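Encoded as structure tokens, the structure appears first; notes follow it.
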Amino acid sequence: MLCYPATLERDNESGAVLAGFVDIPFAHTVGDDEAEALLNAVDALTTAFAVFVERRERIPEPSAPAEHQPVVVLPVVVAGKVALHNALIAAGMGKADLARKLNITPTLVDHLLSFRHHSRIEQIETALALLDRRLAIQVIEAA
């Protein structure tokens, strides 16, 4: 699982809580309270990840959180897409290469890598397997 440490800061004027990330400095969001800011943080991160995909840059892995630092746990499908994107870059492959290996259209590869498209986890696992990767999940206790 990908769990990104978050920084939370209350805005003195509005009372809103601002959330940011050391690992993805340009990702920010806001909420009325800490819970809402952390909930909105998933969308902020996935939006930032789309920028990395567009630029064909590796998405940074999360750093270890400090003690009692809140973390944003990404959905399994999002984590799988991050792993797939990073595996493609590590292999020096493009979307067209993956489309040929999977025997699917480039449009379907775009869907596999899009954080806004609801892909089936099995499709992501198949693509990762072609890149000699396996997706593993971890169950953690809810805070």
(message) Test of understanding: among 123, 138, which residue is part of a helix (DSSP H, G or I) and either farther than 23 Å from residue 26 by Cα or of a type outside the set (A, V, I, L, M, F, W, C) (or both)?
(response) 123
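Out of all the residues in the stretch 8-30, is one or more in a helix (DSSP H, G or I) and either over 25 Å from residue 94 (Cα atoms) or polar (S, T, N, Q) (or both)? If you could, list the steps in order and put the result at the bottom.
The first filter runs over the stretch 8-30 and keeps only residues in a helix (DSSP H, G or I), leaving none.
No - not one qualifying residue is present in the stretch 8-30.
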(request) Please state which of the following conditions residue 11 fails to meet, knowing it meets all the rest: (1) modelled with pLDDT of 95 or more; (2) of a type in the set (Asp, Glu); (3) more than 24 Å from residue 85 (Cβ to Cβ). (result) (1)
(message) Only one of 129, 91 is touching a residue at least 12 places away in the same chain (Cβ under 8 Å) and over 14 Å from residue 1 (Cα atoms). Can you tell me which?
(response) 91
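Condition check ((1) hydroxyl-bearing (Ser, Thr, Tyr); (2) closer than 25 Å to residue 18 by Cα; (3) surrounded by 15 or more Cβ atoms within 10 Å (Cβ to Cβ)) across all residues:
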site: 36; (1), (2), (3): no, yes, yes
site: 48; (1), (2), (3): no, yes, yes
site: 52; (1), (2), (3): no, yes, yes
site: 83; (1), (2), (3): no, no, yes
site: 103; (1), (2), (3): no, no, no
(request) Report yes if residue 135 is over 24 Å from residue 72 (Cβ atoms), among the hydrophobic types (A, V, I, L, M, F, W, C) and free of Cβ contacts under 8 Å to residues at least 60 places away in the same chain, otherwise no. (result) no
(message) Please pick out the residue among 61, 67 that is free of Cβ contacts under 8 Å to residues at least 12 places away in the same chain and in a loop (DSSP other than H, G, I, E, B).
(response) 67
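The values are calculated or read from the model by the stated rules, or taken from the named source; none is laboratory data. Predicted model only: the values in this text are computed from it and were never measured. A quick note on method: Cβ atoms are made from the backbone with ideal geometry, for glycine too, and the neighbour counts reach across all protein chains shown.
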